[in-house]
Amino acid sequence: KNKNNCGVFNICNDIDNKYKFFFDNAKNFTTVSNLSLPDGSDIYIYRVIYTGKILFTKGWYGIENWRSTTSQWVSNNATILMNSEKNMSINLSFDIMSFYKPRNLDVYLNDKLIYEQQVQTNFSHVNTQTQLNNGTNIIRFYTKDGCKRPYDVPELKNSDKRCLSFVFQKITMI
(Lines give C-alpha, C1' and ligand atoms only; values in the text may rest on other atoms or scores of the structure.)
Protein backbone atom coordinates (compact mmCIF):
# COMPACT_ATOMS: atom_id res chain seq x y z
CA LYS A 1 0.00 0.00 0.00
CA ASN A 2 1.54 3.33 -0.94
CA LYS A 3 0.96 6.80 0.49
CA ASN A 4 -1.77 7.40 -2.12
CA ASN A 5 -3.79 4.61 -0.45
CA CYS A 6 -3.45 2.32 -3.47
CA GLY A 7 -3.45 -1.32 -2.44
CA VAL A 8 -2.46 -4.43 -4.31
CA PHE A 9 -6.05 -5.23 -5.21
CA ASN A 10 -6.68 -1.65 -6.40
CA ILE A 11 -3.89 -1.60 -8.97
CA CYS A 12 -2.71 2.00 -9.34
CA ASN A 13 1.01 1.99 -10.12
CA ASP A 14 3.79 -0.11 -11.63
CA ILE A 15 4.93 -1.51 -8.27
CA ASP A 16 1.46 -2.89 -7.53
CA ASN A 17 1.24 -4.38 -11.06
CA LYS A 18 4.41 -6.38 -10.39
CA TYR A 19 2.71 -8.07 -7.43
CA LYS A 20 -0.71 -8.58 -9.01
CA PHE A 21 0.41 -11.93 -10.48
CA PHE A 22 1.47 -13.10 -7.02
CA PHE A 23 -1.93 -12.31 -5.52
CA ASP A 24 -3.80 -13.70 -8.52
CA ASN A 25 -1.94 -17.00 -8.14
CA ALA A 26 -1.42 -17.16 -4.36
CA LYS A 27 -2.00 -20.43 -2.55
CA ASN A 28 -1.23 -19.55 1.09
CA PHE A 29 0.56 -16.90 3.06
CA THR A 30 0.16 -15.44 6.53
CA THR A 31 -0.94 -12.11 7.95
CA VAL A 32 2.23 -10.77 9.45
CA SER A 33 2.19 -7.01 10.04
CA ASN A 34 2.64 -3.68 8.42
CA LEU A 35 5.94 -1.93 7.91
CA SER A 36 6.45 1.81 7.62
CA LEU A 37 9.12 2.79 5.14
CA PRO A 38 11.36 5.88 5.40
CA ASP A 39 9.55 7.53 2.46
CA GLY A 40 6.27 7.47 4.44
CA SER A 41 4.71 4.57 2.54
CA ASP A 42 3.46 1.43 4.23
CA ILE A 43 3.75 -2.22 3.27
CA TYR A 44 0.92 -4.43 4.53
CA ILE A 45 1.41 -8.17 4.64
CA TYR A 46 -1.75 -10.30 4.65
CA ARG A 47 -2.39 -14.02 4.73
CA VAL A 48 -4.30 -15.05 1.65
CA ILE A 49 -5.71 -18.44 0.78
CA TYR A 50 -6.44 -18.69 -2.93
CA THR A 51 -9.29 -20.96 -4.01
CA GLY A 52 -9.94 -20.30 -7.68
CA LYS A 53 -11.68 -16.94 -8.02
CA ILE A 54 -11.99 -16.36 -4.26
CA LEU A 55 -9.32 -14.83 -2.00
CA PHE A 56 -9.65 -15.02 1.79
CA THR A 57 -7.76 -11.89 2.84
CA LYS A 58 -7.78 -9.69 5.92
CA GLY A 59 -9.05 -11.05 9.23
CA TRP A 60 -8.98 -14.82 8.59
CA TYR A 61 -6.93 -17.19 10.73
CA GLY A 62 -5.46 -20.50 9.55
CA ILE A 63 -7.58 -23.40 8.41
CA GLU A 64 -8.47 -25.92 11.12
CA ASN A 65 -9.92 -29.39 10.70
CA TRP A 66 -12.82 -30.09 13.06
CA ARG A 67 -14.02 -33.68 12.64
CA SER A 68 -13.16 -33.60 8.91
CA THR A 69 -14.82 -30.20 8.43
CA THR A 70 -12.74 -27.23 7.32
CA SER A 71 -13.15 -24.41 9.84
CA GLN A 72 -11.74 -20.89 10.02
CA TRP A 73 -11.85 -18.37 12.83
CA VAL A 74 -12.02 -14.65 12.09
CA SER A 75 -11.39 -11.45 13.98
CA ASN A 76 -14.20 -8.88 14.08
CA ASN A 77 -13.55 -7.81 10.47
CA ALA A 78 -12.79 -10.39 7.75
CA THR A 79 -12.74 -9.98 3.99
CA ILE A 80 -13.16 -12.21 0.95
CA LEU A 81 -12.41 -10.97 -2.57
CA MET A 82 -14.39 -12.68 -5.30
CA ASN A 83 -13.91 -12.21 -9.02
CA SER A 84 -16.94 -12.41 -11.28
CA GLU A 85 -16.82 -12.41 -15.06
CA LYS A 86 -20.28 -10.78 -15.23
CA ASN A 87 -23.05 -9.29 -13.12
CA MET A 88 -24.75 -12.29 -11.56
CA SER A 89 -26.87 -13.51 -8.69
CA ILE A 90 -25.25 -15.90 -6.22
CA ASN A 91 -26.26 -17.80 -3.14
CA LEU A 92 -23.88 -17.12 -0.20
CA SER A 93 -24.10 -19.94 2.32
CA PHE A 94 -22.12 -20.85 5.45
CA ASP A 95 -22.29 -22.27 8.95
CA ILE A 96 -21.24 -19.89 11.71
CA MET A 97 -20.73 -19.84 15.48
CA SER A 98 -19.76 -16.95 17.76
CA PHE A 99 -16.87 -17.30 20.21
CA TYR A 100 -17.76 -17.11 23.91
CA LYS A 101 -20.80 -14.80 23.63
CA PRO A 102 -23.50 -13.94 21.06
CA ARG A 103 -22.48 -11.27 18.52
CA ASN A 104 -24.23 -9.40 15.75
CA LEU A 105 -22.91 -10.25 12.29
CA ASP A 106 -23.11 -7.78 9.41
CA VAL A 107 -22.27 -9.01 5.91
CA TYR A 108 -21.37 -6.39 3.32
CA LEU A 109 -20.94 -6.73 -0.43
CA ASN A 110 -18.96 -3.84 -1.91
CA ASP A 111 -19.71 -1.73 1.21
CA LYS A 112 -23.48 -2.37 1.00
CA LEU A 113 -25.10 -4.24 3.91
CA ILE A 114 -26.66 -7.42 2.48
CA TYR A 115 -27.29 -9.51 5.60
CA GLU A 116 -27.41 -9.20 9.39
CA GLN A 117 -28.07 -11.68 12.17
CA GLN A 118 -27.31 -12.28 15.81
CA VAL A 119 -24.98 -15.30 15.95
CA GLN A 120 -25.10 -17.58 18.99
CA THR A 121 -22.39 -19.73 20.56
CA ASN A 122 -23.63 -22.81 18.71
CA PHE A 123 -23.57 -23.33 14.94
CA SER A 124 -26.32 -21.93 12.76
CA HIS A 125 -26.71 -21.98 8.99
CA VAL A 126 -26.86 -18.79 6.90
CA ASN A 127 -28.18 -18.72 3.35
CA THR A 128 -28.68 -15.45 1.47
CA GLN A 129 -29.00 -14.33 -2.15
CA THR A 130 -26.93 -11.41 -3.42
CA GLN A 131 -25.85 -9.79 -6.67
CA LEU A 132 -22.18 -9.77 -7.72
CA ASN A 133 -20.82 -7.07 -10.01
CA ASN A 134 -18.62 -7.78 -13.00
CA GLY A 135 -15.01 -7.70 -11.72
CA THR A 136 -13.70 -7.86 -8.16
CA ASN A 137 -16.28 -7.96 -5.37
CA ILE A 138 -15.47 -7.42 -1.69
CA ILE A 139 -17.44 -9.50 0.81
CA ARG A 140 -16.88 -8.36 4.39
CA PHE A 141 -17.98 -10.08 7.60
CA TYR A 142 -18.05 -7.59 10.46
CA THR A 143 -19.18 -7.31 14.06
CA LYS A 144 -19.19 -4.12 16.09
CA ASP A 145 -19.23 -6.41 19.15
CA GLY A 146 -15.48 -6.96 18.77
CA CYS A 147 -13.43 -10.07 19.32
CA LYS A 148 -12.00 -11.81 22.38
CA ARG A 149 -8.85 -13.79 23.03
CA PRO A 150 -9.42 -17.22 24.62
CA TYR A 151 -6.31 -16.43 26.69
CA ASP A 152 -8.24 -13.57 28.36
CA VAL A 153 -11.09 -15.82 29.53
CA PRO A 154 -9.75 -17.38 32.79
CA GLU A 155 -12.30 -20.21 32.95
CA LEU A 156 -11.18 -21.49 29.53
CA LYS A 157 -7.56 -21.97 30.67
CA ASN A 158 -6.50 -21.53 27.04
CA SER A 159 -3.20 -20.13 25.75
CA ASP A 160 -4.68 -19.04 22.37
CA LYS A 161 -3.97 -15.32 21.93
CA ARG A 162 -5.85 -14.84 18.66
CA CYS A 163 -8.69 -12.33 18.87
CA LEU A 164 -11.75 -14.36 17.83
CA SER A 165 -15.30 -13.38 16.90
CA PHE A 166 -16.73 -16.13 14.68
CA VAL A 167 -15.80 -19.50 13.26
CA PHE A 168 -16.99 -20.32 9.73
CA GLN A 169 -17.56 -23.69 8.10
CA LYS A 170 -18.86 -24.79 4.69
CA ILE A 171 -18.65 -21.40 2.95
CA THR A 172 -20.13 -21.65 -0.54
CA MET A 173 -20.89 -19.07 -3.21
CA ILE A 174 -22.84 -20.53 -6.12
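The values are calculated or read from the model by the stated rules, or taken from the named source; none is laboratory data. Quick caveat, the model's predicted, so the values are computed rather than measured. A quick note on method: Cβ atoms are made from the backbone with ideal geometry, for glycine too, and the neighbour counts reach across all protein chains shown. Only protein heavy atoms, including side chains, enter the accessible area calculation; ligands, DNA and RNA are left aside. Shrake-Rupley method; radii C 1.70, N 1.55, O 1.52, S 1.80 Å.
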Open item on the list: Could you tell me how many of the residues in the stretch 54-105 are among the acidic types (Asp, Glu) and surrounded by 15 or more Cβ atoms within 10 Å (Cβ to Cβ)?
Closed with: 1
Open item on the list: If I filter the stretch 132-171 down to residues being under 14 Å from the mean Cα position of the chain (by Cα), assigned to a strand (DSSP E or B) and among the β-branched types (Val, Ile, Thr), which single residue comes out as nearest to Ser84 (Cα to Cα)?
Closed with: Ile138
TODO: Sort out which residues of the stretch 139-174 are among the aromatic types (Phe, Trp, Tyr) and open to solvent by less than 50 Å² (accessible area, probe 1.4 Å), and write them in order of number.
DONE: Phe141, Phe166, Phe168
Task: Output for the stretch 106-115, where each listed residue is of a type outside the set (Val, Ile, Thr) and surrounded by 13 or more Cβ atoms within 10 Å (Cβ to Cβ) - done: Asp106, Tyr108, Leu109, Asn110, Tyr115
TODO: Filter the stretch 119-138 down to residues that are modelled with pLDDT of 95 or more and of a type in the set (Gly, Ala, Ser), then give me how many there are.
DONE: 1
Task: the stretch 129-163, residues that are of a type outside the set (A, V, I, L, M, F, W, C) and over 26 Å from Gly62 (Cβ atoms) - done: Gln129, Thr130, Gln131, Asn133, Asn134, Gly135
TODO: Could you check, for the stretch 125-138, whether at least one of its residues is more than 24 Å from Ser93 (Cα to Cα), without any contact (Cβ under 8 Å) to a residue 40 or more places away in the chain and surrounded by 15 or more Cβ atoms within 10 Å (Cβ to Cβ)?
DONE: no
TODO: Would you kindly identify the strands (runs of 3 or more DSSP E) lying entirely within the stretch 1-118 that contain at least 1 residues that are over 18 Å from Met173 (Cβ atoms) and at pLDDT below 85?
DONE: 34-36, 42-44
